[in-house]
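One structure is given here, and the rest of the page talks about it.
The values are calculated or read from the model by the stated rules, or taken from the named source; none is laboratory data. The shown structure was predicted, so the numbers you read here are calculated from the model rather than taken from an experiment. Glycine gets a Cβ as well: all are built from the backbone with ideal geometry, and neighbour counts include every protein chain shown.
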Amino acid sequence: MQHEIKAKPDFACLTLSMDRGDQVVCESGAMVGMTTGLELETNMKGGLKGALKRALGGESLFMNTYTASENGQRLDLAPATPGDVEHLLLRGNTVLVQSGSYMASSTGVEVDAKWAGARGFFGGEGLFMLRCSGEGDLWISSYGAIHTVDVQGSYIVDTGHIVAFQDSLTYNVKSVGGLKSLLFSSEGLVCEFSGSGRLWLQTRGSMPLVTFLHPFRSVQPQKHAE
Amino acid sequence: MKIDIESRPSYGMAVVTMNDGDSLVAESGAMVAMSSELDVRTGFNGTGKGGFLGWLQAAVTALLRRVLAGESMFVNTFSASADGQQVMLAPEMVGDVEKVRLDKDRVITVQATSYLASGKQVVVDLVWGGFQMLFSGEGAFFLKCSGKGPLLINAYGAIEKVEVEGAYVVDTGHLVAFEGDLTWRLKKVGGWKSTLLSGEGLVMEFKGDGTLWLQTRNLKSLVSWLIPQLPK
Amino acid sequence: MHIEVQHAPAYAIAIAHLDAGESVVAEGGAMVSMDSHMKLSTSAGGEGDGVLGGLMKGLKRMVAGESFFQNRFVAEGAAGHITFAPTLQGDIAVHELSQGTLIIQSSSFLCSGTGIELDARWGGARSFFGGEGLIMLKATGTGPVAFNSFGGIKEIPVVGDFVVDTGHIVAFEDSLEFNIDSFGSSGGFNLKSFFLGGEGLVCHFKGSGRLWIQTRNTQGFGTLLGRQLPPRQS
């Protein structure tokens with residue numbers, strides 16, 4: 001399976017060239033276009049219980065698996081967010097990926113959303129961390145450009161800007177608290193990374209966008225108790 | 001008239017340098033900046049033959065375009081009285097802007113929300129996409145553009161051109177425009193389960209020979225990404 | 001201190017490289033990452049302001065749409081860096097001020113060196129028509145100032161007369177005269193163009209000086225996207 005990332009880093013999209021039998025798993029709603037020799041199967045992530053848990057978080061429940069039934073097929077995928085797409089090759093190692101940044105993976109990569117530390121990086125229920133491990137291709141997307149940092153020692157990051165990191169890094173999520181929390185887009189949650197490993201950051205955070213959009217949303221009519 | 005597109009592909013803006021007598025029609029809200037001597041007229045997004053009935057026809061067309069296609073009801077016509085006068089135009093959504101030069105025989109079908117501006121001799125007709133398009137999730141109307149002159153289209157995301165030779169399937173939210181000897185129909189992607197749950201819905205299958213302009217992002221996916229993160 | 005811009009022009013970030021003891025002033029909510037020894041101090045005024053002076057400055061900034069506090073990061077004990085990102089997508093430009101004054105649209109200010117004095121002021125909007133007045137920050141002093149755009153930044157050397165939709169103004173040099181008016185007013189006020197032209201307020205620039213505009217406007221984008229979102233409770 002060949003891949004090509006176009007329109008980097010602004011509105012990057014992924015083109016996969018697939019031959020008979022090749023398979024790729026991807027986020028729902030990611031397909032832009034495709035040739036006609038591809039079959040689509042939709043399954044619930046993590047079985048029924050896992051899917052229901054996610055439904056409560058408002059997240060999409062389903063993963064799509066595209067399988068080429070003929071040679072020479074083309075599949076174009078795009079993430080939901082304006083920004084970049086990056087390819088990571090896993091060779092038995094583990095990478096932790098922010099849930100909104102997972103885009104697609106080959107079938108040798110295992111994606112776990114139910115590991116112990118999944119929640120707790122981000123305020124609210126919207127985002128969590130996925131554990132991706134195994135052998136194969138992993139494509140991640142970002143809101144904004146992807147900024148790579150090779151951590152040596154220690155480094156503090158606003159959690160809203162985390163895309164992914166190698167599990168060789170130890171992490172400690174702290175709440176900054178008080179007035180100072182106003183300075184951070186993640187509502188005061190920062191992550192202190194230590195050790196050595198690679199960290200992928202995104203140059204925009206979703207929380208400032210959410211805050212910006214707040215006054216533009218219509219207001220629900222209030223129900224008054226008579 | 002010279003049109004340069006800057007800040008591509010993320011925040012495309014058309015810088016139009018006009019000569020004496022040139023004119024450009026743009027959807028309302030598109031002006032970023034302009035030379036102060038440029039003449040601006042605001043009118044209905046529709047044409048009529050003249051007189052009161054003509055005015056009424058223009059008004060009704062504009063209203064239909066607003067309600068059915070989500071286009072702006074009014075358009076601004078910028079006219080230059082001397083060489084070198086400039087107007088800069090940009091859409092509201094982030095993404096690319098592309099210019100297409102129309103000539104006789106060339107007909108381009110554009111998603112209604114992707115129209116930004118066009119020369120006065122470009123004819124823009126609202127066309128019905130057929131009942132099936134009501135289920136496409138994207139709106140049932142397209143704009144058929146023909147005539148002579150420049151056409152400016154905008155997209156959410158970058159614009160990627162795909163040449164169709166035979167058949168190609170496209171997610172409706174990613175279609176910006178198409179031209180050529182193409183027929184299309186809506187179809188299910190995978191089985192019924194996939195159609196309802198995959199997030200793709202119904203897709204458009206193009207057959208024939210032609211060119212598709214696609215955008216590398218779609219608004220529905222952006223909204224789905226935002227919704228779980230919104231405070232109540 | 002020097003400010004480095006990366007990932008321009010689409011999703012630019014500003015990295016402030018500080019020597020030991022140096023500090024940088026930034027807009028709230030902008031920090032992406034930093035060396036662990038960076039310390040932050042949050043105060044209403046700048047250095048040298050008394051309590052009342054600081055309070056007044058803070059209030060003015062709040063009115064201008066900036067956070068009340070001037071957020072100051074210090075590289076304590078050793079050199080270090082801190083990375084800032086604006087709220088929306090787009091570019092960042094760094095301007096070295098030595099003489100002269102830069103007027104920056106309030107939501108475009110990102111960060112500046114401590115030698116820069118920031119003062120909030122009204123842009124003289126026609127409140128009769130309501131809508132967006134122009135709220136601006138006046139920057140004077142010596143040092144770098146970083147401002148961001150929603151969309152791309154275009155620098156325009158104004159010579160003569162130029163009209164810009166107010167939502168697209170990022171910054172301009174004080175040498176320019178400006179006047180906020182309604183759209184379609186070139187050649188007399190045009191009621192139809194004002195209400196229907198979709199432009200609202202525009203700014204007429206006269207004279208000579210540099211002007212920075214952005215290729216997208218936040219109101220249009222917010223309205224378009226806000227319409228697609230579920231209603232909020234408050």
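On inspection, A:GLY120 qualifies as on the phi > 0 side of the Ramachandran plot and out of contact with any Asp or Glu (no Cβ under 8 Å at 6 or more places or on another chain).
Could you go through region C:121-132 and let me know if any residue there is within 21 Å of C:GLY220 (Cβ to Cβ) and either modelled with pLDDT of 90 or more or assigned to a strand (DSSP E or B) (or both). Within region C:121-132, none of the residues are within 21 Å of C:GLY220 (Cβ to Cβ) and either modelled with pLDDT of 90 or more or assigned to a strand (DSSP E or B) (or both).
Quick grid of which residues meet (1) under 17 Å from A:GLY29 (Cα atoms); (2) surrounded by 14 or more Cβ atoms within 10 Å (Cβ to Cβ); (3) charged (D, E, K, R):
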site	(1), (2), (3)
A:SER69	no, no, no
A:PRO79	yes, yes, no
A:HIS87	no, yes, no
A:LEU90	no, yes, no
A:THR94	no, yes, no
A:VAL109	no, yes, no
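B:SER10 meets the stated requirement of being within 7 Å of chain C (Cβ to nearest Cβ) and either within 30 Å of B:THR216 (Cβ to Cβ) or acidic (Asp, Glu) (or both). Scanning region C:156-182 for residues that are outside any strand (DSSP E or B), within 12 Å of chain B (Cβ to nearest Cβ) and not small (Gly, Ala, Ser) yields a count of 2.
When both residues are 6+ apart or on different chains and their Cβ atoms are under 8 Å apart, which pairs have a first residue that lies in region A:3-14 and is at the interface with chain B (Cβ under 7 Å from one of its Cβ atoms) and crowded, with 18+ Cβ neighbours inside 10 Å, and a second that is assigned to a loop (DSSP other than H, G, I, E, B) and among the aliphatic types (A, V, I, L, M)? Correct list of pairs: A:ALA7/B:ALA158; A:ASP10/B:ALA158; A:ASP10/C:ALA10; A:PHE11/A:ALA78; A:PHE11/B:ALA158; A:CYS13/A:ALA7; A:CYS13/A:ALA78; A:CYS13/B:ALA158. Filtering region A:37-92 to residues that are more than 8 Å from chain B (Cβ to nearest Cβ), closer than 25 Å to B:LEU214 by Cα and modelled with pLDDT under 85 leaves only A:MET63. Evaluate the following for A:VAL149: is it out of contact with any helix residue (DSSP H, G or I) (no Cβ under 7 Å at 6 or more places or on another chain), modelled with pLDDT of 90 or more and facing chain C (nearest Cβ under 9 Å)? So A:VAL149 fits the description; yes.
Pick from C:VAL158, C:VAL170, C:VAL163: which is closer than 19 Å to B:ARG41 by Cα and modelled with pLDDT of 85 or more?
C:VAL163
Residues in region B:121-149 that are at pLDDT below 90 and among the charged types (D, E, K, R): B:ASP125, B:GLU138. Of all residues in region A:73-96, those that are at negative phi have Cβ atoms under 6 Å from Cβ atoms of residues that are outside any strand (DSSP E or B) and among the small types (Gly, Ala, Ser), 6 or more apart or on another chain, in A:GLN73/A:GLY37; A:LEU77/A:ALA30; A:ALA80/B:SER221; A:ASP84/A:ALA12; A:ASP84/A:SER142; A:ASP84/A:ALA145; A:VAL85/A:ALA12.
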